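Engineer: Following this message is one structure expressed as C-alpha cells.
Just so you know, all these numbers are worked out from the coordinates, no wet-lab data involved. None of these values were measured; they are calculated from a predicted model. Here the Cβ positions follow ideal geometry from the backbone for every residue, glycine too, while neighbour counts run over all protein chains shown.
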Amino acid sequence: MPEWASYLVEIFFSGLTRGSIYALIALGYTMVYGILGLINFAHGEVYMIGAFVGLIFASLFSIMGLPIWAIFVLAMLAAMVWSGAYGYTIEQVAYKPLRKAPRLAPLISAIGMSIFLREYVILAQSADFRAFPAMFESLPDLGDFGDFLQPSELVIITTVFVVLAGLFYLIKFTKTGRAMRAIAQDREMAMLLGVDADKVISMTFILGSALAAIGAVLISTQMGQINYNIGFIVGIKAFTAAVLGGIGSIGGAALGGLVLGLTEAFAAGYLSSDYEDVFAFMVLVLILIFKPSGLLGKHHVEKV
Amino acid sequence: MKTLWLRSAMIGLWFAFLTLPLVGFRTDFLEKTFEFRPWPLLGVFAVTSLFAFGWSFISSRPAEEKGLFEAFGPVSGVQQRLTSKPTLLVLLALMLVLPLVTSGYQTGILITALTYIVLGLGLNIVVGVAGLLDLGYVAFYAVGAYSYGLLSQQFDLGFWVVLPVAGVLAALLGILLGIPVLRLRGDYLAIVTLGFGEIIRLVLENWGEVTGGPSGISGIEKPSIPGVTLDFQQQNQFLYYLILGLAFLAIWVNHRLQNSRLGRSWLALREDEIAAEAMGINLTQTKLKAFALGAFWAGVVGVFFAAKSSFINPASFTFHESAIILSIVVLGGMGSIVGVVIAAVLLILLPEYLRFLQEYRMLIFGAVMVLMMVFRPEGLIKNPRPLYRIPKKDGPS
C-alpha cells in the first residue's frame, strides 16, 4: 500500500475510534433530550466519574493480581454501575423537582450540578492528572494491518459497535424501549396508557450514564491518564454530535458522533491539529445552517 | 416520624454507596498501594441523612406552613422596596462612598461584582428579555478585551477611543453571528452560540502571531484622565467609579428599553415567536437588535476588563464564564433588572466571602445553584408580566 493511502486509512481509523466514543456519550444526551427536552449538562461529569471509578477498580484488581482481561471487564462493569447510580441520583435531585419549572431552570440546575461534581472529584480524589492502567498494551500486534490500525482502536471500535447494536435492540424490540419511545413521542398519552413515566425516565438516565461509563473506560485506557476536567470538552463535543445528528434521534446521535470524529481526525491529519476543535464546531454550524434539524432529525412544523 | 428517620437513613446509605469508590478508596496502581478511608464515608452518610431528613421534613408539612421559602416575602414587595426613591438614594450614596472607606482589596471585589452586573444586564437583553438562549456570550467579552489589548499596543489608541469602538465591533460580530443562526430555535441556537464561543477562544489561543497565543497580551495601559497622574490607590478608585458609571448606564438603558416598542416586541418574541410575527413584528430585525445590543455591553465591559487587569489571555474567556453570566440572569429572574443586580452581587461575593470554607467553597457554590433552582425556579425576583387595563367607559351596560 502506498504511503499516502496508508496514512489516509490510519487517519480514518483514528477518527472512527474517536467518533465511536463521541457516539456513546451523545446517546446519553439525545435519549434524555428526546424524553424530557432537557440538555443534561452534567452528563460530561458522569462520564468523568465513570473514568475515575474505572481507574479505582482497575487499580484495585491489578493489585489483587487478576488477569488483564478480567481487570478490564470488571472495572468497566463497576464504572457502569456507579455511573448509572450517579445518573439516577442527579435526575432525582436536580431535575425531577423541576419538571414543571420554566425552561431554563433545569439548565442552570445542571450547570450547578456539574460544578458540584467536579469539585467533589477534586476533593475526594485529586486535582492532578492520574495515571490510568494501560490495559491495551498487552494486546497482540495486528501484523500487516498494524501499519494503520492500532489494536486498541480495534478493541474500542468493536466494543462500541456491539454496544450500539445491543442498544438498538433494546430500544426497538423490548418493552422498556417501547415505553421510552412512547414517552418521547407524547408523555401524557403514554402515561394515560399505563406507562410509568418516572420509572422510564430513571431508566433512561441510568442507561445513558452506563453508556458514557463504557466510553470513559475505553478512552481512558487508551489515553493512559485522566483528571477531573476530562468531562467538559468531551461533553461539549458529544452534545455537538447529538445536535449534528438531529437531537432526540438515536441513530442520529451515532451518526453525528462518527461524522464529528472523522471531521476532527481529518482536519488534524491534513490541515492543522491546533484547529481541530474549530473545524468540529464549524461543521456543526454549517450543517445547522443548511439543515437546521440535524442530519437525521425530523423537521417539526410548528402549529398554532 | 419514625418512617421519616428510616427513609433518611436509607438515603444516607445510598449516598454512602455512591461515594464509596471515590471517597472511600484511594489507590495507586503504579505504587501498588490501596487505602480504605471509612471516616469520610461516615461523614457523607451523616450529612446526607440529616439533609434528607430536613428536606422531607420541610416538604411534608402542610401547605399553609410552607412559608420558609417564601421568606423573601411577596416578590413584588421586595422589588418595590428596593426601587423606591429613598432606598435608591441611600444605595447610591453608599456606592459612592464605599471605595473611599474600604481597603483596596475590597474595592477590587466590588469592581468585579459591578463588572458582572453589566455583563449580566447585557445578557439579560438577549436571554432574559428576548428569550434567545446564548451560551457563547463570553465571546463578545473576549472580543472587547482583545480589541483594547491589540488596538492600544499596535495602533496606540487610548482607552476612551477604544471603549465605544470595541462595543461597536462586538455588536457587529453579534449581528454577523446572528444572521446565520436566526432560523434556529431554542436549544439549537444554544449549541451554535456555544460552538461560536469556543471557536473564538480557540482562535485566540492558536493565532499566536496576533493574539499572543495562550500567554495572551500583557502590559496593557490602564485608563487615564488627561493631565492627571494617579497613584495606585487612586487608580483603583478611578476604575471603581468608571465601572459604577457603566453599571448605572446599563441599568438606565435596560430600564428605558423595558417599556419601549423594542422591549415589548422582545417580550412578545420570548413568549411566542409565531404570534409575535403574526402581530407584525419583524423577527429578523428584532432578534438582531437583541444580539447586537447584548454584544455591545459585553464588548464595552471587555475593554474595561483588559484595562483593569492590564493582562488578558484566553483562559479568562472559557465556557465557565458564559455559564456564570447566564446563571446571573436566570438566578436573578429572567428579565428582571433588580434580580440581575442582586444575583450578580450574590454570585460574585458568595465565593469571595466563603473563603473561610477553603476548598469546599466551590462545592457549596454548585450545591447552592442546584438548591436555588429547586426551590425558586423562577429566580430571585420574578419579573411581573406587564398588564394593561383598558379603562372602563362610563355609561349604561
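Engineer: Quick one: if the Förster radius is 30 Å, what FRET efficiency do A:Val9 and A:Asn229 give, using the C-beta to C-beta distance and rounding to 0.05? Walk me through the numbers before you get to the answer.
Structural biologist: Details: r = 32 Å, r/R0 = 1.07.
Once the sixth-power term is evaluated, E becomes 0.40.
Engineer: Residue by residue through region B:170-181, which ³J(HN,Hα) values in whole Hz follow from phi under the Karplus form 6.51 cos²θ - 1.76 cosθ + 1.60 (θ = phi - 60°), with glycine and proline marked x?
Structural biologist: 4, 5, 4, 4, x, 5, 4, 6, x, 4, x, 9
Engineer: Nearest 20 debye, what's the magnitude of the dipole of region B:2-60 about its Cα centre given +1 on Lys and Arg Cβ and -1 on Asp and Glu Cβ?
Structural biologist: Roughly 240 debye, rounded to the nearest 20.
Engineer: Order the peptides B:133-139, A:112-118 from the highest to the lowest mean number of other Cβ atoms within 10 Å of their residues.
Structural biologist: Numbers: B:133-139: 27.4, A:112-118: 24.9.
The most tightly packed comes first, giving B:133-139, A:112-118.
Engineer: Report the calculated FRET efficiency for B:Leu283 and B:Gln234 (r = Cβ-Cβ distance, R0 = 41 Å), to the nearest 0.05.
Structural biologist: Details: r = 49 Å, r/R0 = 1.19.
Calculated value: 0.25.
Engineer: Could you give the size of the charge dipole of the protein assembly as shown about its Cα centre, using +1 on the Cβ of each K and R and -1 on the Cβ of each D and E, expressed in debye and rounded to the nearest 20? Don't skip to the end; give the middle numbers.
Structural biologist: On the way: 45 positive and 43 negative charges, 611 e Å.
Roughly 2940 debye, rounded to the nearest 20.
Engineer: Per residue of chain B, what 222 nm ellipticity follows from adding -39500 (n - 2.57) for every DSSP H run with n ≥ 4, rounded to the nearest 500? Before the final figure, lay out the partial values.
Structural biologist: Working: 16 runs with 269 residues, N = 397.
Taken over chain B, the calculation gives -22500 deg cm²/dmol.
Engineer: What is the spin-label model distance, in nm, from B:Ser103 to B:Ser224 if the labels are put 7 Å beyond Cα along the C-beta direction?
Structural biologist: In this crude label model, B:Ser103 to B:Ser224 measures out at 3.0 nm.
Engineer: Kirkwood Rh over alpha-carbon pairs of region B:176-278, then Stokes-Einstein at 20 °C and 1.002 mPa s: what D in µm² s⁻¹, rounded to an integer? Could you put the intermediate results ahead of the total?
Structural biologist: On the way: Rh = 18.4 Å.
This corresponds to a translational diffusion coefficient of 116 µm²/s.
Engineer: Mind giving me the nanometre distance, one decimal, between the label points for B:Thr87 and B:Ser260, set 7 Å out from Cα along Cα→Cβ?
Structural biologist: 2.6
Engineer: So if I restrict to the alpha-carbon atoms in region A:3-290, what is the Rg, and what is Dmax, the biggest pairwise distance, in Å?
Structural biologist: 19.0, 62
Engineer: Separate question: I'm checking a number: the convex hull volume of the Cα atoms of the protein assembly as shown, normalised per residue, in Å³. What is it?
Structural biologist: Values: hull volume 147.9 nm³, N = 701.
So the per-residue hull volume is 211 Å³.
Engineer: If a/c stays under 1.5 just call it rounded; otherwise compare a/b with b/c (prolate if a/b is bigger, oblate if not). Do that for region B:84-375, with a ≥ b ≥ c from the square roots of the Cα gyration tensor eigenvalues. Write down the numbers at each step before the final one.
Structural biologist: Numbers: a/c = 1.45, a/b = 1.21, b/c = 1.20.
Cα axes put region B:84-375 in the rounded bin.
Engineer: Can you return the lysines within cross-link range of B:Lys222? Criterion is Cα-Cα under 26 Å, with same-chain partners fewer than 8 residues away left out.
Structural biologist: Qualifying lysines at Cα under 26 Å: B:Lys308.
Engineer: Provide B:Ser56, A:Ser209, A:Ser126 in ascending order of the number of other Cβ atoms located within 10 Å of each residue's Cβ, fewest first.
Structural biologist: Values: B:Ser56 15, A:Ser209 31, A:Ser126 12.
The most exposed by this proxy come first: A:Ser126, B:Ser56, A:Ser209.
Engineer: Averaged over A:78-88, how many beta carbons belonging to a partner chain fall within 10 Å of each residue's beta carbon?
Structural biologist: On the way: counts 1, 1, 0, 2, 6, 0, 0, 5, 3, 0, 2.
Mean inter-chain Cβ contacts per residue within 10 Å come to 2.
Engineer: Follow-up. Which of A:Met203, A:Met282 has the fewest other C-beta atoms within 10 Å, and how do the rest follow up to the most?
Structural biologist: Details: A:Met203 19, A:Met282 16.
Going from least to most buried by this count: A:Met282, A:Met203.
Engineer: Below 8 Å, C-alpha to C-alpha, sequence gap of six or more: please give me the relative contact order for chain B in percent. Don't jump to the answer; show the numbers that get you there.
Structural biologist: Numbers: 511 pairs, mean separation 99.7, N = 397.
Once normalised by length, the contact order is 25 percent.
Engineer: Viscosity 0.890 mPa s, temperature 25 °C: Stokes-Einstein D of region B:101-225 from its Kirkwood Cα radius, in µm² per second?
Structural biologist: 151
Engineer: Starting from the amide H of A:Gln225, placed 1.01 Å from N in the peptide plane, find each other amide H under 5 Å away whose residue is 5 or more places distant or on another chain.
Structural biologist: Answer set, sorted by chain and number: A:Phe132.
Engineer: Where the centre of each part is set by its Cα atoms, how far does region A:223-276 sit from region B:314-351, in angstrom?
Structural biologist: First find each Cα centre; the distance between them is then 29 Å.
Engineer: Among all the lysines, which ones have a C-alpha under 26 Å from A:Lys237's C-alpha, if same-chain residues fewer than 8 places away are not counted?
Structural biologist: In chain and number order, the partners are A:Lys96, A:Lys291, A:Lys298.
Engineer: Which value in deg cm²/dmol, rounded to the nearest 500, describes the helix-derived mean residue ellipticity at 222 nm for chain A, given -39,500 (n - 2.57) per DSSP H run of n ≥ 4 and division by the residue count?
Structural biologist: Numbers: 11 runs with 214 residues, N = 304.
-24000 deg cm²/dmol, from helical runs alone.
Engineer: Simple spin-label model, 7 Å along Cα-to-Cβ: B:Arg355 to A:Arg103 in nm?
Structural biologist: About 4.1 nm, to one decimal.
Engineer: Which order do A:Thr30, A:Thr221 fall in if you start with the one that has the fewest other Cβ atoms within 10 Å? Walk me through the numbers on the way to the answer.
Structural biologist: Working: A:Thr30 32, A:Thr221 25.
Ascending number of Cβ neighbours within 10 Å: A:Thr221, A:Thr30.
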